[in-house]
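FYI, it's all coordinate maths here, none of it is from the lab. Keep in mind the model is a prediction, meaning the values are calculated, not measured. Heads up, the Cβs are rebuilt from the backbone with ideal geometry, glycines too, and the neighbour counts pull from every protein chain shown.
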Amino acid sequence: MMGDQNPITEERILAILDRVKDPEIPVISLIDLGVVNGIDVSASGAVTVTITPTYTGCPAMDVMKADILTELGNAGIEDVRVELVLAPAWSTDRITEGGKRKLKEYGIAPPETTADIRALKGKAPIVECPQCGSEDTVMLSAFGSTACKALWKCNTCLEPFDQFKCL
Amino acid sequence: MTDQEALHTYALRLADDLLILSHRLGEWCGHGPVLEEDIALTNRALDHLGEARNLLTYAGQVEGKGRDEDDLAYLRKEREYLNVKLVEQENGDYAHTIARSFLFDAYHLPLMEAMLKSKDEQLAAIAGKAVKEATYHLRHSSDWMIRFGDGTDESHQRAQRALNELWTFTGELFVSDEVTSKLVEMGVAPDLGAVKAAFDRTVNEVLAEATLSRPEDGYMATGGRQGMHTERMGFILTEMQYMQRAYPGAEW
């Protein structure tokens, strides 16, 4: 490799992937979202990025794949394969703390953790309004504007908001 | 029948249930009774379609003849579809659509839960994704069954009528044959007896809360798993396959 000022390392790829945003929630990166399962760099410099779908039917997965290839290509990394794997299954627990904070700032209530006993018992979780912080909120619909979101309303500030569904 | 043929057939059955139900729910797009439900049904359609795509892709790989998900979804003939008759039934009114999904969800969730332990890694992985979504779906359809049943006289009557009409299609969900027996023995497919027990529990609990009565088990319509469908199936395929038949290989 020519002089190799900039060798292809896992860390470097990770940093680049952190610039690839979720196509439907453009404030959080694929790293924040926890969809990147693994990065493999072979001896010859061939890169394999493994991602796992958030939802089986999520139409954003194809876009994410294309965006990864574009962003790595822009950084001069051309020999890339993106593989989609189903196991281990993605869950909202894989969203990083930073990712949850960014979701909230964007106006989307982050998911509660799956270990929440209320979620296990099928009860409605307590969801904080991302606008005013009130816990007096009510779910309007279990399904929202994308496969990953539910629609809620705040009884305090009366604003509707999206919640990232807990899965 | 070889192990491979059994697995291919089984994956297709699972896939076709979801593909056809997804198509039916998609027909509600723009016609939902309220915006939230319009969105809910199309969301569900998308979940089912995603799962169907994984299963069709897998069915194609197992078959080993180079057929991909699109070939299997769009280019088979009616007799080659192996979905149960329940999912091809018309949408009817909203109670009918919800009851159809409720009966399917009450079967699908325990099936996926049991399939988590499948010795087939790919089926276990697909179930790992599906089980979370199926939980969500069952909650949605159960809530509506209770709201309809325990709602007004009109909504109660419509929900009961839907159950009565659809009940004859529930038996087929639990019929074992050569394919399932072989795969159950191999630890690949869940035992349908256990799934039926879970189905009964869910149905009894929800219907009791909904003040609806569980229809008596009478004549049960079967045949879908062998490719013998009701006349409604042809209309679904005519619409679903139109683009690929008219413009073979079209992509966008």
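Rounded to the nearest Hz, the phi-derived 3J(HN,Hα) couplings of region B:161-174 under the Karplus curve 6.51 cos²θ - 1.76 cosθ + 1.60 (θ = phi - 60°) are 4, 4, 4, 4, 6, 8, 4, 4, 9, 7, x, 5, 4, 10, where x marks glycine and proline. Ordering B:Leu82, B:His23, B:Trp167 by the projection of their Cα atoms onto the charge dipole of region B:3-246, which places +1 on the Cβ of Lys and Arg and -1 on the Cβ of Asp and Glu, puts B:Leu82 at the extreme positive end.
Please list, ordered by chain and number, the residues whose modelled amide H lies under 5 Å from the amide H of A:Glu159; skip anything fewer than 5 residues away on the same chain. Residues meeting the amide H criterion: A:Cys154.
Diagonalising the gyration tensor over the Cα atoms of region A:1-50 and scaling each eigenvalue by 5 before taking the square root yields semi-axes of 24, 12, 7 Å, largest first. For chain A, the longest principal axis of the Cα atoms and the long axis of helix A:97-106 meet at an angle of about 60 degrees. In this calculation the C-beta distance from A:Glu135 to B:Glu216 is compared with R0 = 51 Å, giving a FRET efficiency of 0.65. Taken along the Cα-to-beta-carbon direction at a fixed 7 Å, the label points for B:Lys65 and A:Glu97 span 5.5 nm. Spin-label model, A:Val80 to B:Gln226: label points 7 Å out along the Cα-to-beta-carbon direction sit 5.2 nm apart. Taking beta carbons within 10 Å but only from partner chains, what does the mean come to for residues B:126-132? For peptide B:126-132, the averaged partner shielding equals 6. Along region B:34-44 the Karplus relation, 6.51 cos²θ - 1.76 cosθ + 1.60 evaluated at θ = phi - 60°, assigns HN-Hα couplings of 9, 4, 4, 6, 4, 5, 4, 5, 6, 4, 5 Hz to successive residues, with x for each Gly and Pro.
Specify, per residue and in Å³, the volume enclosed by the convex hull of the alpha carbon atoms belonging to region A:10-84. Working shown, then result.
Details: hull volume 5.7 nm³, N = 75.
Residue-normalised Cα hull volume stands at 76 Å³.
Projecting the Cα atoms of B:Ala208, B:Ser101, B:Ile236 onto the charge dipole of chain B (Cβ charges, centred on the Cα centre) puts B:Ile236 farthest toward the positive pole. Summarising the amide proton neighbourhood of A:Lys149: residues at separation of 5 or more, or on other chains, whose placed amide H is nearer than 5 Å comprise A:Gly144, A:Lys165. Considering only B:Ser155, A:Ile28, A:Cys154, and ranking their Cα positions along the charge dipole of the protein assembly as shown that arises from unit charges at the beta-carbon of Lys, Arg, Asp and Glu, the one farthest toward the positive end is B:Ser155. Its DSSP H runs of at least 4 residues, each contributing -39,500 (n - 2.57), put the calculated 222 nm mean residue ellipticity of chain B at -22000 deg cm²/dmol, to the nearest 500. Of A:Ile126, A:Ile8, the sequence from fewest to most neighbouring Cβ atoms within 10 angstrom is A:Ile126, A:Ile8.
Based on alpha-carbon atoms, the Kirkwood radius and the radius of gyration of chain B give Rg/Rh equal to 0.95.
Here's the picture: a label point sits 7 Å out from the Cα of B:Asn164 along the beta-carbon direction, and within region B:189-232 the residues with their amide nitrogen under 13 Å of it are B:213-216.
Please state the equivalent ellipsoid semi-axes for the protein assembly as shown: what are the square roots of 5 times the Cα gyration tensor eigenvalues, largest first, in whole Å? Show your work: numbers first, answer last.
Values: eigenvalues 269, 171, 72 Å².
Semi-axes, largest first: 37, 29, 19 Å.
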